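Undergrad: Sharing a structure with you now.
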Amino acid sequence: MSTIDLSPGSLFAGQFRIVRPLARGGMGAVYVVEQAGTGRERALKLMHPILVADEKSVERFEREARVGSLIDSDHVVEVVAAGVEHKGPTPWLCMELLKGETLADRIEKKGIPGRDEIIEIMKQLGHAIVAAHKAGIIHRDLKPENIFLAESRREGAPFTLKVLDFGVATLTTELQGPKTTQGVGSPMWMAPEQTNTGKVVPQTDLWAIGLIAFYLLTGRSYWVSAGTAGSTITALLVEIMVEPLVPASERAALVAPGAVLPPGFDAWLSRLLVRDPKGRFTTAEDAFATLHALL
């Protein structure tokens, strides 16, 4: 196996000059690079060497490159190139370089956004998810850490929201027939049908949308166990799967006293936090339009 030089100034895959490390995660590392020929700075994501032998990990990595290009929205992170560097070998993705912060970081640093900012966040998020569903794509891992508020390049726009990480996304064309999907996602945000490897549907994303809206308005998770010291994943799953799903206002009074929810929010959230996905809004477009009217 050949060694790849990723020191600043080195050239990767014959076209990306390494500038500096940017981030590291479970799947690999991300570097700021300069693209040869254009001089444009990009984000280069490299798969971790120990995962290259794992077929499912490689499939997830490749899917992230392929799926985003199918969605007709400026609010999905753009993958501009992808390939495999044969020294290694190392699968890679080249993406637009975003400057800004995740929604999770934004709320942790600055607290609950103002109502106008919440409206703008949900408007842009809605554009991305509606477009994804129209393209037959279910994200399956929507959460504040996968929603990025990038510096806007448009005059008058406070930010440009980008949905990240379509690595576990499912195409609806893959859901024909009785087969189920692998149980993946982030427990705090994923729908009940994901915890038991059930069959996901577009309404699976709507469960997470409801939880994200509650988080935006309160700065807290809907789940009591998420804010309880020493709580376990088992306690969280019991809340998700078994315990009563109380109205948003009742839960907010417990986890975020003083938070103000708009009139009608209880009814809206109750149409997303339904354990049977057939009981949720029929489409993301309906869910977002109804929320926009409330806000």
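The values are calculated or read from the model by the stated rules, or taken from the named source; none is laboratory data. Just so we're clear, the structure is a prediction, and the values are computed from it rather than from any experiment. Methodologically, a virtual Cβ is constructed for each residue, glycine included, from the backbone with ideal geometry; neighbour enumeration extends over all protein chains shown. To get the accessible areas, we keep the full protein, side chains included, count just its heavy atoms, and leave off ligands, DNA and RNA. Shrake-Rupley method; radii C 1.70, N 1.55, O 1.52, S 1.80 Å.
Undergrad: In vacuum, with every alpha carbon of the stretch 1-137 counted as one equal point scatterer, what does the Debye formula give for log10 I(q)/I(0) at q = 0.09, 0.19, 0.21, 0.22 Å⁻¹? Two decimals, please.
TA: -0.33, -1.18, -1.29, -1.33
Undergrad: Continuing with this model, one more query. Using θ = phi - 60° and the Karplus relation 6.51 cos²θ - 1.76 cosθ + 1.60, list the HN-Hα couplings for the stretch 66-80 in order, rounded to whole Hz, with x at every Gly or Pro.
TA: 7, 5, x, 6, 8, 9, 8, 7, 6, 9, 10, 4, 8, 9, 8
Undergrad: So how far, in whole Å, is the C-alpha centre of the stretch 1-74 from the one of the stretch 96-119?
TA: If we compute the Cα centre of each part, the gap is 25 Å.
Undergrad: Right, something else. Ignoring ligands, DNA and RNA, what accessible area per residue does the chain give at 1.4 Å, in Å²?
TA: Per residue, the chain has 48 Å² of solvent-accessible surface.
Undergrad: Right, something else. Using the Cα centre of the chain as origin and beta-carbon charges of +1 (Lys, Arg) and -1 (Asp, Glu), tell me which of SER10, ALA43, LEU236 is placed farthest towards the positive end of the dipole.
TA: Toward the positive end, the furthest listed residue is SER10.
Undergrad: Moving on to the next point. Determine the dipole magnitude for the chain: charges of +1 sit on the beta-carbon of Lys and Arg, -1 on that of Asp and Glu, nothing else is charged, the reference point is the Cα centre, and the result goes in debye to the nearest 20. Working shown, then result.
TA: On the way: 31 positive and 34 negative charges, 25 e Å.
Magnitude of the dipole: close to 120 debye.
Undergrad: On a full-extension model of 0.36 nm per residue, what is the gain between ALA36 and THR234, subtracting their alpha-carbon distance, rounded to one decimal in nm? Numbers along the way, then the final one.
TA: Details: separation 198, 0.36 × 198 = 71.28 nm, distance 4.94 nm.
Result for the pair: 66.3 nm of gain on full extension.
Undergrad: Would you please give the residues with an amide H less than 5 Å from that of GLY28, counting only those at least 5 places away or on a separate chain, with H modeled from the backbone geometry?
TA: Here HIS48 satisfy the definition.
Undergrad: Could you work out the percent of alpha carbon pairs in the chain separated by over 25 Å, rounded to a whole number? If you can, show how the numbers build up before the last one.
TA: Values: 22105 of 43365 pairs.
Percent of Cα pairs beyond 25 Å in the chain: 51.
Undergrad: Something else now. Per the 1.4 Å probe, what fraction of the accessible area of the stretch 1-140, in percent, lies on carbon and sulfur atoms?
TA: 49
Undergrad: Comparing PHE281, PHE12, PHE265, which has the greatest mean-square fluctuation in the GNM of the chain with Cα pairs linked when under 10 Å apart?
TA: Answer for the Gaussian network model of the chain: PHE12.
Undergrad: Normalise the Cα radius of gyration of the stretch 185-295 by 2.2 N^0.38 Å (N = residues in it) and let me know the number.
TA: Against the compact-globule rule of thumb, the ratio is 1.02.
Undergrad: Take GLU108 and ARG154, extend 7 Å from each Cα along the Cα→Cβ direction, and tell me the distance between the two endpoints in nm.
TA: My value for the distance between the label points is 2.9 nm.
Undergrad: Also, I was wondering about something else. Which value in nm describes the separation of the simple spin-label points at LEU51 and THR290, placed 7 Å from the Cα toward the beta carbon?
TA: Placing both labels 7 Å beyond Cα along the Cβ direction yields 3.6 nm.
Undergrad: Quick one: among THR218, THR38, THR232, which has the greatest mean-square fluctuation in a GNM of the chain with alpha-carbon springs under 10 angstrom?
TA: Result for the chain, Cα springs under 10 Å: THR38 fluctuates most.
Undergrad: If the only charges are +1 at each Lys and Arg Cβ and -1 at each Asp and Glu Cβ, what is the size of the charge dipole of the stretch 38-102 around the Cα centre, to the nearest 20 debye?
TA: Magnitude of the dipole: close to 200 debye.
Undergrad: Given the stretch 239-295, what whole percent of its Cα pairs are spread farther than 14 Å?
TA: For the stretch 239-295, the share of Cα pairs beyond 14 Å comes to 60 percent.
Undergrad: Can you list which of the trypsin sites (Lys or Arg not before Pro) found in the stretch 116-159 are DSSP loop residues with at most 13 other C-beta atoms within 10 Å?
TA: Filter output for the stretch 116-159: ARG153, ARG154.
Undergrad: Rounded to the nearest percent, how much of the accessible area of the stretch 234-281 (1.4 Å probe, protein heavy atoms only) is carbon and sulfur?
TA: 64
Undergrad: Considering only LEU273, LEU164, LEU97, give the residue with the highest GNM mean-square fluctuation for the chain, with springs between Cα atoms whenever their separation is below 10 Å.
TA: LEU97
Undergrad: Multiplying the sequence separation of ALA226 and ASP74 by 0.36 nm and subtracting their Cα-Cα distance, what value in nm do you get?
TA: 51.5 nm
Undergrad: Now, a different point. Looking at the square roots a ≥ b ≥ c of the eigenvalues of the Cα gyration tensor of the stretch 57-109, which shape do they give, rounded for a/c under 1.5, prolate if a/b is larger than b/c, or oblate?
TA: Working: a/c = 2.36, a/b = 1.67, b/c = 1.42.
Verdict is prolate for the stretch 57-109.
Undergrad: Going 7 Å from the Cα of GLN15 in the Cα-to-Cβ direction, what parts of the stretch 66-89 have a backbone nitrogen less than 17 Å from that spot?
TA: 66, 69, 78-87
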